[in-house]
Each structure stands twice: as structure tokens, then as C-alpha cells.
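Asks: Below is a structure I'd like to ask you about.
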Amino acid sequence: MKKKALLFIALAFTLLLSACSQSSSSDDTNNKKNSGKLEIFSWWTGAGEEDGLKALIKLFKEKNPDIPVENAAVAGGAGTNAKAVLASRMQGNDPPATFQVHGGAELNDGWVAADKMEPLNDLYDKEKWNDKFPKQLIDMVSKDGKIYSVPVDIHRGNVLWYNKKVFADNNLQAPKTLDEFFKVADKLKAKGITPLALGDKEPWTATMIFENILLGTLGNEDYQKLWTGDLKFDDPKVKKAAESFKKMLSYVNDDHSSRNWQDASQLVAKGDAAMNIMGDWAKGYFVNDLKLKVNEDFGWVATPGSEGQFMIITDTFGLPKGVKNTKDVKQFLSLLGSVEGQDAFNPLKGSIPARTDADESKYDEYGKQTMKEFKEAKLAPSLAHGSAAPEGFVTKANQAVNIFVTQKNVGQLIDSLNQASSELKK
Ligand code: GAL
């Protein structure tokens with residue numbers, strides 16, 4: 001086995017040890033070997049997360065009443081706990097029938113490099129999918145010409161959400177640049193309103209803010225060069241982005257470290273904070289759980305400085321090696337990749353369909369606009385969600401950002417990222 005694959009497994013195991021204690025809502029499912037059920041593994045539980053998955057499973061059950069399905073979701077935003085549970089199961093040759101994995105490095109440099117996934121080119125041929133998904137998306141789930149998973153959605157990671165009433169009451173416009181953001185934030189602060197909601201109980205949310213600022217400050221090309229090692233983290237532009245990040249952190253709620261992303265989004269929903277930066281699963285949460293109205297109660301813009309760019313996060317599902325009920329898994333993947341499956345899932349999830357031929361009329365104003373912008377925008381892979389860089393780097397970057405949020409030491413953040421860059425693909 002390749003050295004990189006071994007390193008990956010070792011890292012996955014370390015992750016497991018650190019997360020065992022916070023484990024899951026599905027402990028009863030974690031040690032089942034080949035239960036015969038179609039076990040669907042994800043981190044979509046609870047508020048804002050599970051509605052799309054439930055709709056997809058319901059549709060699958062209707063169409064396949066004889067296939068027993070088990071929803072084996074493990075709670076924790078961005079897979080905080082699920083990824084560790086998954087790593088242990090893969091290590092123990094007990095893979096779930098299919099599992100949620102981000103397109104990009106997380107899939108290709110992770111499970112594919114570790115030789116844990118079956119190629120799905122035959123399924124793509126059978127379903128005639130090769131021209132139904134955008135080429136860049138197929139590239140994100142392919143390695144050496146083989147396709148390893150099926151994208152169910154496209155989430156946008158560079159969105160600033162704002163409370164429309166708070167903005168109207170204070171005569172403010174949604175900020176499009178960092179300068180505008182800081183002006184708006186100062187006005188809000190002067191009125192005693194928290195400008196920016198953050199919930200970094202799970203550190204990836206702060207990493208999302210940083211990657212958004214990096215994208216806006218560096219531009220698409222240089223942002224991408226960070227992950228190939230062609231732009232160093234001690235570049236002055238990265239330092240400038242870190243300074244802006246530091247400044248932005250001075251506008252967040254005091255209790256940020258005890259909140260998760262839903263708790264932070266709630267502050268905006270209630271008008272206790274004016275804005276938050278979050279992927280568009282937050283829209284699913286605003287609409288499905290908090291019953292807010294799109295473009296009435298809340299509005300959105302690309303995060304300051306990132307207009308015309310699309311931080312892409314795609315949730316995909318594949319077929320792990322060693323799974324017994326291969327036929328059932330492929331049956332599920334066929335539905336997940338179909339127009340019907342995607343249009344059942346995405347309007348609830350907040351995302352847009354991964355397919356290009358989905359039924360636009362099923363999507364709200366945000367969805368329609370995002371579908372259009374996706375076609376025109378420059379795509380950028382998310383670091384916080386595992387697409388830009390291997391898991392080893394993501395873990396260290398999250399740790400560095402987490403320390404930065406309390407210590408606000410730009411030099412230390414840059415040093416830590418530089419050190420972590422040995423984890424990047426050369
Ligand atoms: C992302 C995932 C999204 C959403 C989010 C919050 O990593 O791609 O679908 O679930 O985490 O948990």
C-alpha cells in the first residue's frame with residue numbers, strides 16, 4: 001500500500017480516538033457487520049440537516065419496498081463526529097453500504113487513495129450520467145479516469161446571510177466588500193446589535209469565515225495555489241487576509257464558542273445578530289425549521305469580496321469495497337443521481353441539484369439564483385469541507401484557526417499553516 005494511504009489510515013484512526021467519546025446517535029448501528037440492510041451513513045441529523053435525506057429515503061422505500069433501509073446518521077455539523085466513526089468502520093473492514101463524502105480531496109486523496117472504493121463508471125454509463133453532471137463536478141469525484149461517487153447536491157459555501165428587518169431598521173445595505181462589511185458592522189455595533197453571528201463550538205465554522213476571506217482577498221487563482229503549495233502561507237496576501245479575519249472576529253457574539261452553526265444562525269433569525277457566514281444548508285434551516293421566508297425575513301449576498309466566485313461543496317455517495325449488497329447500493333445511487341431524487345432532496349436541503357437538467361420550478365428564489373450563478377461563477381473548492389486539501393491538512397488548519405480565534409496572533413496562524421503544508425499534496 002502506498003505511503004500516503006497508510007498515513008491517511010493512521011490519521012483517520014487518530015481522529016477516531018479523539019471523537020469516540022462524543023460519539024453518535026447511532027451507536028447501535030456502528031458495530032453491525034453486513035446486516036444486509038442498505039445502511040446510509042451521513043451526518044445529516046436534526047435541525048436543518050435531515051429533511052432532504054428523509055425525503056430521499058422515503059422515495060427510495062416507495063420504489064423499493066423490499067430493500068430494508070437503515071438511516072445510520074451520526075450527529076455533528078460538517079461530519080465532526082461522523083468522519084471519525086466512519087474511519088473506524090472502514091479500518092475494521094465494516095463499511096456502511098454507502099456514505100456521505102465530499103467530492104475533491106476528501107474522496108480522492110482519502111478513501112480512493114486508500115483503495116477503499118469501487119469505481120462506478122459502469123453505473124454512469126448505464127444511467128447515461130456522463131453529460132448530466134457538470135464536468136468539473138465529475139472531475140471532483142474521479143481519479144485516474146475512474147469515477148468513484150455520485151453527487152447529490154451542490155452547496156455554496158460563500159454566502160453572507162442577513163436579517164432584513166435589522167438592515168432595514170438601521171437603513172443599511174448588504175455589504176459587498178470587506179470595507180463595506182466593516183462600515184456596516186461599526187454602525188450595528190454602535191446600536192448595540194451583534195454584527196456577525198458565529199458558532200465555533202465545532203471549529204470548522206471559523207475556518208469557513210477564514211477561507212471566505214482568503215478567496216475574496218487572494219482571488220480564485222491564488223486561492224487555489226495555496227492547496228497545491230504554489231503559494232506559500234507567508235505570502236503578504238495571506239497575512240492581509242488573516243488581518244481581516246482578526247478584525248472580523250472583533251464583531252462576533254461573546255458566546256460563540258458554546259454555539260454550533262444552527263445556534264449561530266438562530267441569532268440572525270431572531271434579530272439578535274445581523275449577519276452570519278455559512279453554507280446554504282443554513283437556508284434549509286431558516287426555512288424548514290425556523291419557518292422564515294426567503295428574501296423577506298432574510299436576505300443573502302456572496303461573502304464580501306467574493307462576488308462572481310462559488311465556493312463549491314458537493315455531498316456525494318459511493319460504493320465502498322467489501323460491501324455485500326452491492327446491487328441495493330447501486331439501486332440507491334441510481335435514485336440519488338436521478339432528476340427525481342435530486343429534486344426531492346435539494347429543495348429541502350438548501351442546496352442546488354448537482355445535475356444540470358433538474359426541474360428549476362421546484363426551487364425557491366435563492367435556489368434559482370444560485371443555479372444561475374453556479375453556471376457563471378468561478379468555482380473554488382472549500383477547505384473547511386475537505387475538498388481543497390487532504391484531511392491531514394484540514395485537521396491542522398482547523399486547530400490553528402481555533403487557537404487563532406482566542407489568541408488572535410496572525411504570525412502564529414501563518415506559522416502553523418506553513419508547518420501544516422507538509423500535509424498538502426505535492
Ligand atoms: C457540510 C455538508 C453539508 C452540511 C454541512 C453542515 O460538510 O456538505 O451538507 O451538512 O456540512 O453539517
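Asks: Let me have the 222 nm mean residue ellipticity of the chain computed from DSSP H runs of 4+ only, each contributing -39500 (n - 2.57), with the sum over all residues rounded to the nearest 500.
Replies: Working: 17 runs with 191 residues, N = 426.
Rounded to the nearest 500, it is -13500 deg cm²/dmol.
Asks: Related question: Could you tell me the center-to-center distance, by alpha carbons, between region 360-426 and region 46-75 in angstrom?
Replies: Rounded to whole Å, the Cα centres lie 28 Å apart.
Asks: Count the DSSP beta bridges whose two residues both fall in the chain, then state the antiparallel fraction as a percent rounded to the nearest 5. Working shown, then result.
Replies: Numbers: 21 of 35 bridges.
DSSP beta bridges in the chain are roughly 60 percent antiparallel.
Asks: Let me ask something else. Loop only by DSSP, 14 or fewer other Cβ within 10 Å of the Cβ. Give me the trypsin sites (Lys or Arg not before Pro) in region 90-184 that pass, ordered by residue number. Spell out each step's value before the answer.
Replies: Numbers: sites: 116, 126, 128, 132, 135, 143, 146, 156, 164, 165, 176, 183; in loops: 116, 128, 132, 176.
Answer in residue order: 128.
Asks: To continue, here is another question. Counting Lys and Arg as +1 and Asp and Glu as -1, each charge on the Cβ, what is the dipole of the chain about the Cα centre in debye, to the nearest 20?
Replies: On the way: 55 positive and 57 negative charges, 103 e Å.
The dipole magnitude comes to about 500 debye.
Asks: For region 63-185, what D do you get in µm² per second when you plug the Kirkwood radius from alpha-carbon pairs into Stokes-Einstein at 4 °C and 1.567 mPa s?
Replies: Working: Rh = 18.1 Å.
For these conditions, the coefficient is 71 µm²/s.
Asks: Arrange the following residues from fewest to most other Cβ atoms within 10 Å of their Cβ: 117, 278. Don't skip to the end; give the middle numbers.
Replies: Working: 117 24, 278 30.
In increasing order of surrounding Cβ atoms, one gets 117, 278.
Asks: Hey, got the dipole for region 251-352? About the Cα centre, +1 on K and R Cβ, -1 on D and E Cβ, debye to the nearest 20?
Replies: Dipole of region 251-352, to the nearest 20 debye: 560 debye.
Asks: Order these peptides, 324-336, 73-85, 297-309, by their mean beta-carbon neighbour count within 10 angstrom, highest first. Intermediate values should be presented prior to the final figure.
Replies: Details: 324-336: 18.9, 73-85: 23.8, 297-309: 21.3.
Order by mean packing, descending: 73-85, 297-309, 324-336.
Asks: Now for a separate question. Could you sort out which of 349/375; 126/362; 128/293 sit more than 29 Å apart by Cα distance in this structure?
Replies: Numbers: 349/375 20 Å; 126/362 26 Å; 128/293 37 Å.
Table pairs above 29 Å Cα-Cα are 128/293.
Asks: Okay, moving on. Using a simple spin-label model with points 7 Å from Cα along the Cα→Cβ vector, what separation in nm is obtained for residue 126 and residue 179?
Replies: 5.7 nm
Asks: Using 0.36 nm times the number of residues separating residue 168 and residue 228, minus their current alpha carbon distance, what extension gain do you get? List each step's numbers first, then the result.
Replies: On the way: separation 60, 0.36 × 60 = 21.60 nm, distance 4.29 nm.
Gain on extension, residue 168 to residue 228, equals 17.3 nm.
Asks: Tell me, rounded to the nearest percent, the portion of alpha carbon pairs in the chain spaced more than 38 Å apart. It would help to have the intermediate numbers written out before the result.
Replies: Working: 15037 of 90525 pairs.
Value for the chain (Cα pairs over 38 Å): 17 percent.
Asks: Another one. So if I place +1 on the C-beta of Lys and Arg and -1 on the C-beta of Asp and Glu, and nothing else carries charge, what would the dipole magnitude of region 136-257 be about its Cα centre? I want it in debye, nearest 20.
Replies: Details: 18 positive and 18 negative charges, 78 e Å.
The dipole magnitude comes to about 380 debye.
Quick note: the coordinates plus some simple rules give every number you see, no bench work behind them. Because the structure is predicted, anything quoted here is derived from the model rather than measured. With ideal geometry, Cβ positions are generated from the backbone for all residues, glycine too; neighbour counts draw on all protein chains shown.
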